[in-house]
Amino acid sequence: MPMSTESTPVSATPAPAATAPASTPAPAREHRGGPGGGNNRGPNRGGGGGFRRDDRNRNNRDKEQGDGPTMIEKVVFINRCAKVVKGGRRFSFSALAVVGDGKGKVGIGYGKANEVPDAIKKGTANAHKHLVSVKLKGDTIPHDVFGEYDGGKVLLKPATTGTGLIAGGAVRAVLEAAGVKNVLTKSMGSSNHIAVVHATLNGLLQLRLADEIAAIRKTS
């Protein structure tokens, strides 16, 4: 006969809970930021929320420059010249620049250098030294005029408001710098940039207002 075995219930003893080691707090990071929490790694770099020292200086310079008259500077033409030497070719550059205040003053300058930026800088500085005043009637010219210089010939005609500056190339640069906004033009001579620019300026210098013409007629 098979023997019967009785199972005796065994009381489960709860296992002792494992004690976790005490966590060591992480070291706090060194705060290097300024007032806005950014990094301050340079002498002029502040926090993300503050102003840099160079930004404040730049703003001050902009305010000082904004108080004075703003000049319009345009580069009309850049020419490259090559000189053949024993070792190869050496290049030099010349820049034709026009400067004006947009209120009746305009100047033309020409500069030469071995690099383009230096040539533009010289041409602009030369134009500042040769500023002349021209007579304008509002945003146009008082009367028709024909300017000539060397082979350049330019015809200028006044236009009503809304016509715009009907000119191109070198003529447009001179008229924009002088402050003319409504005019009709036609270039009928040489296409050389220097000749056209000087012909346009020659025409502007011939302009006279009605009061000046009347005064001349009275005295004559």
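What follows draws every value from the coordinates through simple rules; no lab data is involved. These numbers come from a predicted model, not from an experiment. In this analysis, Cβ positions are derived from the backbone assuming ideal geometry, glycine residues included, and neighbour counts consider all displayed protein chains.
Brief remarks follow.
- Highest average packing first - 82-90, 162-170, Cβ atoms within 10 Å: 162-170, 82-90
- For q = 0.28 Å⁻¹, Debye-computed log10 I/I(0) when each Cα of region 72-133 counts as one equal scatterer: -1.02
- Length released on extending from ASN79 to ILE166, taking residue separation times 0.36 nm less the Cα-Cα span: 28.7 nm
- Checking the cross-link pairs LYS83/LYS122; LYS112/LYS137; LYS83/LYS105; LYS86/LYS153 against a 30 Å limit on the alpha carbon distance flags LYS112/LYS137; LYS83/LYS105; LYS86/LYS153 as lying beyond it.
- Potential lengthening between LYS121 and GLN206 on full extension [0.36 nm per residue; Cα-Cα distance subtracted]: 27.7 nm
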